[in-house]
Amino acid sequence: MQSIEDRNKQLEIDDRKYIWHPFTQMQDYEKEEPLIIEKGNGCILTDIYGNEYIDGVSSLWTNVHGHKKKELDIAIKKQLDKIAHSTLLGLSNVPAIRYAKKIVEIAPKDLTRVFYSDSGSTAVEIALKIAFQYQRQAEDGDPEKKKFISLYNSYHGDTIGSVSVGGIDLFHSMYKNLLFESIKAESPYCYRCAFGKSYPGCNLECLSRLEEIMSTHAHEVTAMVIEPLVQGASGMLIQPPGYLKKVRELCDRYNIFMIADEVAVGFGKTGKMFACEHEDVTPDIMALAKGISGGYLPLAATLTTEKIYRGFLGKYEEFKTFFHGHTYTGNPLACAVAIATLEIFEKEKVLDKLQAKIEHFKQRLKAFTLLGNVGEVRQCGIMVGIELVADKDTKESFPPEERIGHRVIKEARKQGLIIRPLGDVIVLMPPLSISIDELDRLCDITYESIRVVTEKV
Ligand SMILES: *Cc1c(COP(=O)(O)O)cnc(C)c1O
């Protein structure tokens, strides 16, 4: 029998030997001690040595009700007693039907059709293809309308289509020659306004520019893709109030579909079930993933209006079919846990309880703005971005080789908190189920880690 110590050492060797980690410079990774998670319970992750950490970014923004949540575990086990997987291509299955009905009931009104897939990237990819194909074949479609408008600083996933509408140079510029062209509008990043203005005196200049773009390009644009309320992956950039509603109005005015990418913001992260609800907006297409399964299994859904769905109906030989489908589409285990995830929202009144946590978080974050290198603290619901700067007055960033964000999260790990930075932005996004005590600890450790690391610079 191998001892625990030997097993752990071997795991650490094999991790560095066999796994190519996503979004990770492996040359650095190979030199560092890997952190290997073995268990989770509530908001706590436990590594192979038994050390405990708060899951400060809800396992990459997915976890909602905590780890090892009893009802979710049971839902999967029960489904497992029936069947793990059967295809949705030309067949159906019970959990996929039940979940589709349930999500349509709570989604922004008019979204009535559910197309399943398995990641945020595919959910967006599907939205793009639907918006494109609709124009080529629907009665009121216009084949000239085949382009997309998206925002700088946007992130919609890593597949070629979703990268094409992405706007983060660091992630996207490498693949430029592989991508289709999309039309980019400035993002409402108020802390670093592209027009050098400040809110609210700016009168939302970014929206006037967006309107110019739309009026110039409406004849060739099928859809605008947007992360509602928060541009997550670029550092939790929060849109000013009224922005999203105005985008909806502009899309209507210029006959452009609105694709809402709720992959990050959906399922309560902003304080409401969907971010679009804050501005009473119904998109034409909505992409869901991450929190959809409570953070348990890969599942995604693209919701559309009945009008869009009808654009794909016709005789077989007209070939209006949506020729798209991933092998594990509508996986019964994933749909079963997604149903249970929604049931917990209802049964435990999760969104009601969340409001006090959001407010507590807000109070605790005030102290951070006083730190010498914190440029801005941005919060929307339970989603937080703390932007670190070398100089608060000039907003000058740290040089990338300082790896300031990385150093902060390494320090936090030592103190029992797992978080992940986006460049120089420290992201906090715990599961909705986090307790006030855990939230306090998360804030204490983050504060201390920023202080310790920036004092040394
Ligand atoms: C994470 C994310 C995606 C991509 O989801 P994957 O499941 O990683 O493919 C797309 N859009 C947004 C807004 C995201 O945050």
Kyte-Doolittle cut-off 1.0, length cut-off 27 Å along the helix's own axis using Cα: show which whole DSSP H helices in the chain pass.
none
Fully extended, how many nm does the chain gain between Lys31 and Phe180 (0.36 nm per residue separation, minus their Cα-Cα distance)?
49.9 nm
Relative contact order %, the chain, counting alpha carbon pairs below 8 Å whose residues are six or more apart
21 percent
Hey, how many Å between the Cα centroid of region 416-457 and the Cα centroid of region 328-381?
15 Å
Residue separation times 0.36 nm, minus the C-alpha to C-alpha distance between Ser3 and Phe312: what's the value?
105.3 nm
From largest accessible area down, sort Tyr191, Tyr328; use a 1.4 Å probe on the protein chains.
Tyr328, Tyr191
At 222 nm, what value in deg cm²/dmol follows for the chain if DSSP H runs of at least 4 each add -39500 (n - 2.57) and the sum is divided by all its residues, to the nearest 500?
-11000 deg cm²/dmol
Pairwise centroid distance, computed over Cα atoms, of region 148-196 with region 78-93, Å
37 Å
Where a ≥ b ≥ c are the square roots of the eigenvalues of the C-alpha gyration tensor, would you call region 139-241 rounded, which needs a/c under 1.5, or, failing that, prolate if a/b is larger than b/c, or oblate?
oblate
Ignoring ligands, DNA and RNA, what accessible area per residue does the chain give at 1.4 Å, in Å²?
47 Å²
Take the Cβ-Cβ distance between Asp140 and Ser215 as r, set R0 to 22 Å, and report the resulting FRET efficiency rounded to the nearest 0.05.
0.65
Sparse-neighbourhood loop hits (GluC sites (Glu not before Pro), region 123-161; DSSP loop; Cβ within 10 Å at most 15 others) -> Glu139, Glu144
Give the calculated FRET efficiency between Glu346 and Gln10 to the nearest 0.05, with a Förster radius of 45 Å applied to their Cβ-Cβ distance.
0.50
Going by average Cβ neighbours within 10 Å, how do the peptides 150-160, 27-37 rank, with the highest at the top?
150-160, 27-37
May I ask you to order 129-136, 282-289, 14-21 by the average number of other C-beta atoms within 10 Å around their residues, highest value first?
282-289, 129-136, 14-21
With Rg and the Kirkwood Rh both taken from Cα atoms, where does Rg over Rh land for the chain?
0.96
Sort 414-421, 336-343 by packing, meaning the average of other beta carbons within 10 Å per residue, with the highest value first.
336-343, 414-421
Nearest 5 is fine: what % of DSSP beta bridges in region 73-347 come out antiparallel, could you say?
50 percent
Heads up, I need the accessible area for Lys362: 1.4 angstrom probe, whole protein in place, Å², nearest 10.
100 Å²
What spacing in nm lies between the two simple spin-label points modelled at Ser92 and Asn51, each 7 Å away from Cα in the Cβ direction?
5.0 nm
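The values are calculated or read from the model by the stated rules, or taken from the named source; none is laboratory data. None of these values were measured; they are calculated from a predicted model. We place every Cβ from the backbone using ideal geometry, glycine too, and count neighbours over all the protein chains shown. Just so you know, the surface numbers come from the protein's heavy atoms only, side chains and all, with ligands and any DNA or RNA stripped out. Shrake-Rupley method; radii C 1.70, N 1.55, O 1.52, S 1.80 Å.
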